[in-house]
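Contents: one structure, followed by commentary.
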Amino acid sequence: MSDDQALLAANEAFYQAFNTRNLKAMEAIWAKRTPIACIHPGWGPLVDRDKVIESWAEILGGPSPPRIACHGARAFLFGETAFVICFEAVQGTFLIATNVFVKEDGDWRLVHHQAGPTNEKPQEAAPPPRPSKKTVH
């Protein structure tokens, strides 16, 4: 598996952990030796592994956390550091997210997640273009 593929698989594992409400999987995705931070939509920044994991425990343990589907993920690698930008489909709307990763023990581990509102949609979710009223022959 290439580094790009491994990075995108780690990014997908993050969303899988969220959607299955699997706190152990969520904890495993985040880096253990590298400082981490997270900014959930509408929240202030969380800095420190304990605070970040506690926030996920609160979200995943809530009565009805939303399901999130990742769309249009794009990987950007810089040696042992990388980030993924993607759209998050949440309850009929889209957020834009950045997920930053580092290599720890040969695996990509999340060090930062931030998601927020966007007016854009991923290519695959955009409606097909309307035919033009002008006819060109």
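The values are calculated or read from the model by the stated rules, or taken from the named source; none is laboratory data. Keep in mind that this is a model prediction, so the values were computed, not measured. A quick note on method: Cβ atoms are made from the backbone with ideal geometry, for glycine too, and the neighbour counts reach across all protein chains shown. The protein model used for the area step is the full one, side chains on, heavy atoms only, and it has no ligands, DNA or RNA in it. Shrake-Rupley method; radii C 1.70, N 1.55, O 1.52, S 1.80 Å.
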Practice item. Report, by residue number, each residue of region 103-116 that is in contact with an Asp or Glu (Cβ under 8 Å, 6 or more places away or on another chain) and surrounded by fewer than 20 Cβ atoms within 10 Å (Cβ to Cβ). Key: LYS103
Review point. Looking at LYS133, LYS121, which is the one that is in a loop (DSSP other than H, G, I, E, B), surrounded by 15 or more Cβ atoms within 10 Å (Cβ to Cβ) and either touching a Pro at 6+ places or on another chain (Cβ under 8 Å) or at pLDDT below 95 (or both)?
Key: LYS121
Point to revise | Given (1) under 13 Å from PHE14 (Cα atoms); (2) open to solvent by less than 40 Å² (accessible area, probe 1.4 Å), index of the condition VAL52 fails | key: (1)
Check your understanding: In this structure, does LEU8 turn out to be open to solvent by 50 Å² or more (accessible area, probe 1.4 Å), in contact with a strand residue (DSSP E or B) (Cβ under 6 Å, 6 or more places away or on another chain) and not acidic (Asp, Glu)?
Key -> yes
Practice item. Using the structure shown, decide if VAL47 is in contact with a strand residue (DSSP E or B) (Cβ under 9 Å, 6 or more places away or on another chain), open to solvent by less than 30 Å² (accessible area, probe 1.4 Å) and either modelled with pLDDT of 95 or more or not charged (D, E, K, R) (or both). Key: no
**Study point:** GLY61 being over 23 Å from PRO122 (Cβ atoms), among the small types (Gly, Ala, Ser) and either out of contact with any Lys or Arg (no Cβ under 8 Å at 6 or more places or on another chain) or surrounded by fewer than 17 Cβ atoms within 10 Å (Cβ to Cβ) (or both)
**Key:** yes
Check your understanding: Say we look at region 47-91 and pick out the residues that are β-branched (Val, Ile, Thr) and in contact with an Asp or Glu (Cβ under 7 Å, 6 or more places away or on another chain); which of these is nearest to ALA17 (Cα to Cα)?
Key -> ILE68
**Study point:** Number of positions in region 17-41 that are open to solvent by 90 Å² or more (accessible area, probe 1.4 Å) and either closer than 25 Å to GLY106 by Cα or out of contact with any helix residue (DSSP H, G or I) (no Cβ under 7 Å at 6 or more places or on another chain) (or both)
**Key:** 4
